[in-house]
Amino acid sequence: MNFKVIIAFVLFNYNVNAQTQILDKVIAIVGKNPLLLSEVETALLQKKDNSENNFNKRCHTFEDLLFQKLLLSQADRDSINVEDKEVDAELDRRINYYVSMLGSEEKFEEFYGKRVSLFKDELRDDVRDQLKSQKMQQKITGDIKLTPSEVSLFYNGIPNDSLPILNSEIEIGHLVIKPPVNSNTKKECRDLLETYRQRVINGESMSVLCALYSEDPGSAKNGGRYESVMRGQFVPEFEAVAFKLKAGEISEIFETTYGYHFIQLVARKGESVDVRHLLMSPKISQSDIIKAKSKLDSIQKLIANGELNFNDATIKYSDDKETKQNGGLIINPSSNATKWEIDELGQLDQNLVFMLDKMEVGEVTPVIQYIGQDTKQAWRIVYLKSRTEPHKANLKDDYTKLLNMATFNKQKKTIAEWIAKKSKNTYIKINSEFNSCKLEYNWSIAP
């Protein structure tokens, strides 16, 4: 059973037609909280795991939701509170995600047949209950911390033939050098952008000017227009300006990592804005690009010859703010750890995988071109810190993975004990159609 709270199951399943109707009924009661058939059906539609048959999947989903209802019942007993601002933030996060999938707020409202504000009002109580359940589960398992001896005990308790086989993994770091933009070039760029801004103020079409001069590939072809921009979608500097403007107002020039911009607010629509913006980036001279490469070539040679430590070099020279303070190590977003499976890295940069395959641990690549999140040209060298071959899990190489496995195992035991205890003093009634389910945990069900 996946005992983690599924806090999104009531929300807008993109793959479900908005007009789909599910015949509803109460299939269980936990305390004062009913569990509806529609909740199970919606959660099933969102599950992508096909490793178990439909009957077992249905039973496991039912038990997941039964657990959520028990969490909610106990949260009410313990007077766990969720503030309005927490509910609003969660609603905004979810709606922003689905608006981005559908393309605009108008398309979202067309798909669901109601305004965003009404959608929020209808979901507010459900989201509040889900956040309560989440807080309750955190109260039960949040303080679980395992010592190394407990991890070792967990590992030693796994039969040798049951130890998981782990794929080859590598740890890599990089040192990035970005060609500088000189102050004269910045001033020229800003001055030119100001002339375009003044032309808009004097009545010229911003749409035309954006189409002609904007360097933002995502909006220039649309006359610089972005629709249904919601908070969290763009860099903070952009949003800080966009959400302060009045309809028709034109901003001053401002700077982001992408270059210089000015914005015209087209319309404000509840939680979002429509804007036009014109972006220009100061041009980096070819000589500065060559100088940056030459600088990194020198650093690379010092590291390759053992005259300079890679970790020290990144702290001193790297222009990548996200990695320079941790030895240049690149974090794997899927695990939030420093280790990457080859397939994961290959999805980002197959050429880099080919280079690393020929390297020994401790070596660095030659200088290679690099385009960062700001889409600007830079140079980098990549350091191969470690490599593991496919192997059975062991404490020396896989402590973090085993710690996570052991923690999950202890959380699961804690949940099992909690369910057995709390279900004894909570009224629980289950519809007969789920009596054939073999539930994973020991529930005390009312006759």
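Across all directions, the average projected area of the convex hull around the alpha carbons of the range 150-218 is 11.7 nm². Dipole of the chain computed with +1 at Lys/Arg Cβ and -1 at Asp/Glu Cβ about the Cα centre; of TRP418, ASN160, SER183, farthest Cα towards the positive end is TRP418. Which residue, THR141, PRO236, ALA247, has the largest displacement toward the positive end of the dipole of the range 121-247 when charges sit on each Cβ (Lys, Arg +1; Asp, Glu -1)? About the Cα centre, the residue reaching furthest to the positive side is ALA247. Amide H contacts under 5 Å for TYR427: GLY31, restricted to partners 5 or more places along the chain or on a different chain, H placed in the peptide plane at 1.01 Å from N.
Partner lysines whose Cα lies under 19 Å from the Cα of LYS107, excluding those fewer than 8 positions away in the same chain, are identified as LYS120, LYS269. A simple charge model with +1 on the Cβ of Lys and Arg, -1 on the Cβ of Asp and Glu and nothing else charged puts the dipole of the chain at about 600 debye relative to its Cα centre. The phi torsions of the range 54-68, fed into the Karplus equation with coefficients 6.51, -1.76 and 1.60 and a -60° offset, translate into couplings of 5, 5, 5, 4, 5, 5, 5, 5, 4, 5, 4, 6, 4, 4, 4 Hz, rounded to whole numbers, with Gly and Pro shown as x.
Extension gain, ASP125 to LEU163, is 9.3 nm, computed as 0.36 nm per intervening residue step minus the present C-alpha separation. Separation of the range 201-215 and the range 356-385, taken as the distance between their Cα centroids, equals 39 angstrom. Between helix 84-102 and the chain there is an angle of about 70 degrees, using the helix long axis and the longest principal axis of the Cα atoms. For the cross-link pairs LYS57/LYS424; LYS139/LYS438; LYS69/LYS135; LYS32/LYS410; LYS301/LYS401, the ones whose C-alpha atoms lie over 24 Å apart are LYS57/LYS424; LYS139/LYS438; LYS32/LYS410; LYS301/LYS401. Of the residues GLN325, THR61, SER287, the one whose Cα sits farthest toward the positive end of the charge dipole of the chain, with +1 on the Cβ of Lys and Arg and -1 on the Cβ of Asp and Glu, is THR61. According to the calculation over all Cα-Cα pairs in the chain, the P(r) per 10 Å bin from zero is 4, 15, 19, 22, 21, 14, 5, 1, 0 %.
Computed over the chain, relative contact order equals 21 percent, with contacts defined as Cα pairs under 8 Å that lie 6+ residues apart. Among the trypsin sites (Lys or Arg not before Pro) in the range 360-447, those placed in a DSSP loop whose Cβ has at most 12 other Cβ atoms within 10 Å are LYS396, LYS438.
In terms of its C-alpha gyration tensor, the range 279-379 has an oblate overall shape, because the principal axis ratio a/c (a ≥ b ≥ c, square roots of the eigenvalues) is not below 1.5 and a/b does not outweigh b/c.
Close amide H partners of ILE263, meaning residues 5 or more places away or on another chain with modelled amide H under 5 Å apart, are SER251.
For the range 75-150, GluC sites (Glu not before Pro) meeting the loop criterion (DSSP other than H, G, I, E, B) and having at most 14 other Cβ atoms within 10 Å: GLU83. Using Cβ point charges alone (K and R +1, D and E -1), the dipole size of the range 154-228 about the Cα centre works out to roughly 500 debye. Computed from point charges on the beta carbon alone (+1 for Lys and Arg, -1 for Asp and Glu), the dipole magnitude for the range 183-280 about its Cα centre is near 160 Debye. For the range 131-142, backbone phi angles converted through the Karplus equation (6.51, -1.76, 1.60; θ = phi - 60°) give residue-by-residue couplings of 5, 4, 4, 4, 5, 5, 5, 4, 5, 6, 10, x Hz, Gly and Pro being listed as x.
Within the straight-line cut-off of under 16 Å between alpha carbons, the aspartates and glutamates reachable from LYS132 are ASP64, ASP76, ASP78, GLU83, ASP84, GLU86, ASP88, GLU90, sequence neighbours fewer than 8 places apart in one chain being disregarded. Across q = 0.16, 0.26 Å⁻¹, the range 383-447 modelled as identical point scatterers on its alpha-carbon atoms has Debye log10 I(q)/I(0) values of -0.70, -1.12, in the order of the q list. What is the distance in Å between the Cα centres of the range 123-166 and the range 397-438? Distance between centres, Cα-based: 10 Å. For the range 84-230, the extents of the C-alpha atoms along the principal axes are 75, 50, 27 Å, listed from largest to smallest. Taking the helices alone, the chain has a mean residue ellipticity at 222 nm of -14000 deg cm²/dmol, built from -39,500 (n - 2.57) per DSSP H run of at least 4 residues and averaged over all its residues.
Annotation: amide H-H contacts under 5 Å for GLY223 (H modelled 1.01 Å from N, sequence separation of 5 or more, or interchain): ALA211.
Scaling against 2.2 N^0.38 Å puts the C-alpha radius of gyration of the range 183-280 at 1.00.
No lab work stands behind these numbers, since they all come straight from the coordinates. These numbers come from a predicted model, not from an experiment. Every residue, glycine among them, receives a Cβ derived from its backbone with ideal geometry; neighbour counts consider all protein chains shown.
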